[in-house]
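A short worksheet on the structure shown next.
The values are calculated or read from the model by the stated rules, or taken from the named source; none is laboratory data. All values reported here derive from a predicted model rather than from experimental measurement. Positions of Cβ are backbone-derived with ideal geometry, glycine not excepted, and every protein chain shown enters the neighbour counts.
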Amino acid sequence: MAGAPVVGIVMGSDSDWPVMRLAAEALGEFGVPFEADVVSAHRMPQEMIAYGEEAAGRGLKVIIAGAGGAAHLPGMLASVTPLPVIGVPVPLKYLDGMDSLLSIVQMPAGVPVATVAVGGARNAGLLAVRILAAADEELRGKMTGFQASLRDQAHAKGERLRA
Ligand code: RP5
């Protein structure tokens, strides 16, 4: 993707990538430059704090953070950056991703993480686009067009049922 990254996609392990790549795909569809990396809250805590502290200064505008299990990554990043953080609960083998969801969604007052559904990385990407589009008319136009395509698809499904 051309241009300096404005969205940082981070995850606790490369095993999260099959889920998190959906966020990357969504950003790619809108031409939003992004970076992707493994930044583990538990296995590399110093690097995680540095990533959060340096993100805004490097030009990032939004962070999308995905993790599974004891998923502290989104919350800890939100505690050290003023940027909006979108959390993606990654489902693991046990507990159907409920552990990841609860670990990410219950943030204390004052430290928000915009948490999407379990495995909802595509929506995380789309939410990042909307956040950027608030101050970017061209991107807002693309989002409006995307929403129109969703509406057309829904209409077409109804037409097929009625036929
Ligand atoms: C979490 O532990 C990661 O986000 C991942 O979802 C999970 C398992 O990691 P691996 O053991 O596959 O590296 O921190």
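Residues of the stretch 76-101 that are more than 12 Å from the ligand (Cβ to nearest atom) and within 15 Å of ALA55 (Cα to Cα): LEU77, ALA78, SER79, VAL80, THR81, PRO82, LEU83, PRO84, VAL85, ILE86.
Here is a yes/no grid of residues against (1) under 21 Å from the mean Cα position of the chain (by Cα); (2) more than 15 Å from ALA71 (Cβ to Cβ); (3) touching a residue at least 40 places away in the same chain (Cβ under 8 Å):
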{"site": "PRO112", "(1), (2), (3)": "yes, yes, no"}
{"site": "ALA128", "(1), (2), (3)": "yes, yes, yes"}
{"site": "LYS142", "(1), (2), (3)": "yes, yes, yes"}
{"site": "GLY158", "(1), (2), (3)": "no, yes, no"}
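For the stretch 92-137, filtering for residues that are in contact with a helix residue (DSSP H, G or I) (Cβ under 8 Å, 6 or more places away or on another chain) and among the charged types (D, E, K, R) leaves 2. Kindly check whether there is at least one residue in the stretch 54-74 that is within 14 Å of the chain's Cα centre (by Cα), in contact (Cβ under 8 Å) with a residue 60 or more places away in the chain, part of a helix (DSSP H, G or I) and closer than 18 Å to ASP37 by Cβ. Yes, that holds for at least one residue.
Among the conditions (1) over 19 Å from ILE131 (Cβ atoms); (2) at pLDDT 95 or above; (3) within 11 Å of the ligand (Cβ to nearest atom), ALA50 misses just one, which is (3). Within the stretch 96-155, the residues that satisfy the criterion of being among the acidic types (Asp, Glu) and either part of a helix (DSSP H, G or I) or farther than 23 Å from ILE9 by Cβ (or both) are ASP96, ASP99, GLU137, GLU138, ASP152.
Candidates are the residues of the stretch 1-47 that are surrounded by fewer than 17 Cβ atoms within 10 Å (Cβ to Cβ) and of a type in the set (Asp, Glu); the one that is nearest to the ligand (Cβ to nearest atom) is ASP14. Within the stretch 77-110, the set of residues being crowded, with 23+ Cβ neighbours inside 10 Å and under 30 Å from GLY3 (Cβ atoms) comprises LEU77, ALA78, VAL85, ILE86, GLY87, VAL88, PRO89, VAL90, ILE104.
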